[in-house]
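For reference, the structure is listed below as structure tokens.
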Amino acid sequence: TTQGRPPNSMATEMRERSRSGALSCIPPENLLIGVPKKGRLHEQCIKLLVDGAGLDYRRPERVDIAHCKDAPVSLIFLPAHDIATYVSEGNVDMGITGQDVMAETEPDCANLETVVQLGFGRCKLAVQGPMSENIKDVASLAGKRIVTSFPVIAEKFFRQYETEATGKTKIKFVSGSVEAACQLGLADGIVDLVETGTTMRAAGLEIVEKIMDTQAVLIKSKKALHPELIATITRRIQGHITATQYQMIQYNVKRENLERAIVITPGKRSPTITGLDDNEWVAVSALVLRKEVQNIADKLEAVGADSILIFSIQNTRM
């Protein structure tokens, strides 16, 4: 049985899902994963699912449902802002979206949980104002006109600065091109995502105050129908993330220098040490952070390590 459900609840839900018109083309035993159909996360999500989780699929043109070839999984391509709600409601079992979207749809997301922080799509959600105004105190925008695609977050943020004198901040929702609002006279400031800052500066804007950092996350529904398959997909993705963050380093070192070498390469848990025909030497293998590998190789040379080899990792199970 699934926790919190009667014994036949899952089978009943699968039958109901199979009868629903929108999902009638999907086998009821399939795991459903919501994927952004376009936007800043789309390409990286597809790369993660295909290369990282092994979910190769065929998607007919202009169709928002794709079935995976070698796994009972269907990908549902949805607007990014809707994915958290679909997952929470149990319409799809898992999804990939941004932490900013989860915060915006928080009232509708009681039945979902974050499984893995994916490490891509990093940016910040910030209050921005015209450079010409040189706004230093975000409180000075309370009660004024704010345009944003994140009205729930914006309203909650500005509430702390509102007084009887300022009145309620006038939050206006715009689905796109938020950065043009100040130039067009629609807003005194905006709340929008900032990645590199290029678009922001081109629009004559600057950050007044950061509201939150955000990145892509893998989420799952507490109503999900396929817990074992969810666990398998999660392990695959976690293994892929580890492989992108780490490299394997192998080297030979004299036993008398082994202790100093291990301090340099302690591994993710511990290094693997293998004896050689020459008893004075051992071979060492360890995972090291990709961004630190060149400095680590230099340090190993300094303590007498020899035959240093560095390998990329395709995937892992840790």
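The values are calculated or read from the model by the stated rules, or taken from the named source; none is laboratory data. Just so it is clear, the model here is predicted, and its values are computed rather than measured. Positions of Cβ are backbone-derived with ideal geometry, glycine not excepted, and every protein chain shown enters the neighbour counts. Surface areas here come from the heavy atoms of the whole protein model, side chains and all, with no ligands, DNA or RNA. Shrake-Rupley method; radii C 1.70, N 1.55, O 1.52, S 1.80 Å.
Side notes on the structure shown:
- Only a single criterion out of (1) surrounded by 15 or more Cβ atoms within 10 Å (Cβ to Cβ); (2) farther than 30 Å from Leu141 by Cα; (3) more than 22 Å from the chain's Cα centre (by Cα) is not satisfied by Glu206, namely (2).
- When Val152 is tested against the conditions (1) open to solvent by 40 Å² or more (accessible area, probe 1.4 Å); (2) hydrophobic (A, V, I, L, M, F, W, C); (3) farther than 29 Å from Leu218 by Cα, the lone failure is (3).
- Where a residue in segment 208-230 is within 17 Å of Gln117 (Cβ to Cβ) and its partner, wherever it lies, is of a type in the set (D, E, K, R), with Cβ under 6 Å and at least six apart: Asp213/Lys124; Thr214/Asp100; Gln215/Arg122; Ile230/Lys220
- Residue that is nearest to Cys123 (Cα to Cα) [pool: residues in segment 179-203 that are over 23 Å from the mean Cα position of the chain (by Cα) and in a strand (DSSP E or B)]: Ile190
- Taking strands (runs of 3 or more DSSP E) as the structural unit, those lying wholly within segment 221-318 and holding at least 3 residues that are at pLDDT 95 or above and open to solvent by 40 Å² or more (accessible area, probe 1.4 Å) correspond to 246-254, 272-275, 306-311.
- Selected residue [open to solvent by less than 10 Å² (accessible area, probe 1.4 Å), in contact (Cβ under 8 Å) with a residue 24 or more places away in the chain and either more than 22 Å from Lys47 (Cβ to Cβ) or touching a Lys or Arg at 6+ places or on another chain (Cβ under 9 Å) (or both)] from Val87, Val115, Val92: Val87
- Search result, residues across segment 140-159 that are outside any strand (DSSP E or B), on the phi < 0 side of the Ramachandran plot and of a type outside the set (Phe, Trp, Tyr): Ser140, Leu141, Ala142, Lys144, Ser149, Pro151, Val152, Ile153, Ala154, Glu155, Lys156, Arg159
- A residue that is acidic (Asp, Glu) and modelled with pLDDT of 95 or more can be found somewhere in segment 187-203.
- Subset of segment 204-213 [more than 19 Å from Gly98 (Cβ to Cβ), part of a strand (DSSP E or B) and of a type outside the set (A, V, I, L, M, F, W, C)]: Glu206, Glu209
- The residue that is most open to solvent (accessible area, probe 1.4 Å), counting only those in segment 160-178 that are under 24 Å from Gly39 (Cβ atoms) and in a loop (DSSP other than H, G, I, E, B), is Ser175.
- When each of Phe150, Phe157, Phe173 is tested for being free of Cβ contacts under 8 Å to residues at least 60 places away in the same chain, over 27 Å from Gly119 (Cβ atoms) and among the aromatic types (Phe, Trp, Tyr), the lone residue that passes is Phe173.
- Residue in segment 100-120 that is outside any strand (DSSP E or B) and of a type in the set (Ser, Thr, Tyr) present: yes
- Given (1) in a helix (DSSP H, G or I); (2) in contact with a strand residue (DSSP E or B) (Cβ under 8 Å, 6 or more places away or on another chain), index of the condition Thr85 fails: (2)
- Test: residue in segment 17-37 that is modelled with pLDDT of 80 or more, open to solvent by less than 20 Å² (accessible area, probe 1.4 Å), more than 15 Å from Ala71 (Cα to Cα) and not β-branched (Val, Ile, Thr): yes
- Counted residues, segment 121-139 - those being outside any loop (DSSP other than H, G, I, E, B), open to solvent by less than 90 Å² (accessible area, probe 1.4 Å) and out of contact with any Gly (no Cβ under 8 Å at 6 or more places or on another chain): 6
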